[in-house]
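Participant: Encoded as structure tokens, here's the structure I'll be asking about.
Just so you know, all these numbers are worked out from the coordinates, no wet-lab data involved. Note that the coordinates shown come from a computational prediction; the quantities given were computed from them, not determined experimentally. Please note: Cβ atoms are built from the backbone with ideal geometry, for glycine as well, and neighbour counts cover all protein chains shown.
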């Protein structure tokens, strides 16, 4: 798990560095997919971090994540202003990484298996 955590940590640091230099105009520029702005891509990253963090907590608690949780998170993130999407994505990504780093190998494996069933990906 250490190699994967190292790669995830490096990815989070790289994202932090890339986003820190973006202007408000950069955040509303077209991204890929073409229907999304750069801020929308960051919103996807942030909302995914929030959702997966909840999956971990629910899995470790032995409960299923409610089916309406992910759509409610997407709705919240879609309503944010571009700068809030960017700042929120970095914070959520960092918080998610910290949560993963707090797990031992057994908890990480159990949580992943127990909590990721059936949640649609947007």
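Participant: Among 35, 85, which comes first, second and so on when ranked by fewest other beta-carbon atoms within 10 Å?
Facilitator: 35, 85
Participant: Kindly put 24, 40, 87 in sequence by how many other C-beta atoms sit within 10 Å of each C-beta, fewest to most.
Facilitator: 24, 87, 40
Participant: Can you tell me the orientation of helix 82-101 relative to the chain, as the angle in degrees between its alpha-carbon axis and the longest Cα principal axis, to the nearest 10?
Facilitator: 20 degrees
Participant: Taking other Cβ within 10 Å of each residue's Cβ, how do 48, 11 sort, fewest first?
Facilitator: Neighbour counts put them in this order, fewest first: 11, 48.
Participant: Multiply the residue separation of residue 15 and residue 31 by 0.36 nm, subtract the distance between their alpha-carbon atoms, and state the gained length in nm to one decimal.
Facilitator: 4.2 nm
Participant: Would you mind checking the tilt of helix 38-61 against the longest principal axis of the Cα atoms of the chain, expressed as 0 to 90 degrees and rounded to 10?
Facilitator: 10 degrees
Participant: Does the chain come out rounded, prolate or oblate, given a ≥ b ≥ c as the square roots of the eigenvalues of its C-alpha gyration tensor, rounded meaning a/c under 1.5 and, failing that, prolate meaning a/b above b/c?
Facilitator: Working: a/c = 2.56, a/b = 1.46, b/c = 1.75.
It comes out oblate by the Cα gyration axes.
Participant: Please label the shape of the range 47-95 as rounded, prolate or oblate, based on the square roots a ≥ b ≥ c of the eigenvalues of the alpha-carbon gyration tensor (a/c under 1.5 means rounded; beyond that, a/b larger than b/c means prolate, else oblate).
Facilitator: Oblate.
Participant: Would you please state which residues of the range 1-34 a label at residue 105 would reach in this model, taking the label point 7 Å out along Cα→Cβ and a backbone N cut-off of under 17 Å?
Facilitator: Residues 1-7 qualify, since their backbone N sits under 17 Å from the label point.
Participant: So what's the angle, to the nearest 10 degrees on a 0 to 90 scale, between helix 69-78 and the longest Cα principal axis of the chain?
Facilitator: The answer is roughly 20 degrees.
Participant: If you take the square roots of the eigenvalues of the alpha-carbon gyration tensor of the range 1-44 and sort them as a ≥ b ≥ c, do you get rounded (a/c under 1.5), prolate (a/b over b/c) or oblate?
Facilitator: Working: a/c = 4.24, a/b = 1.98, b/c = 2.14.
The shape class here is oblate.
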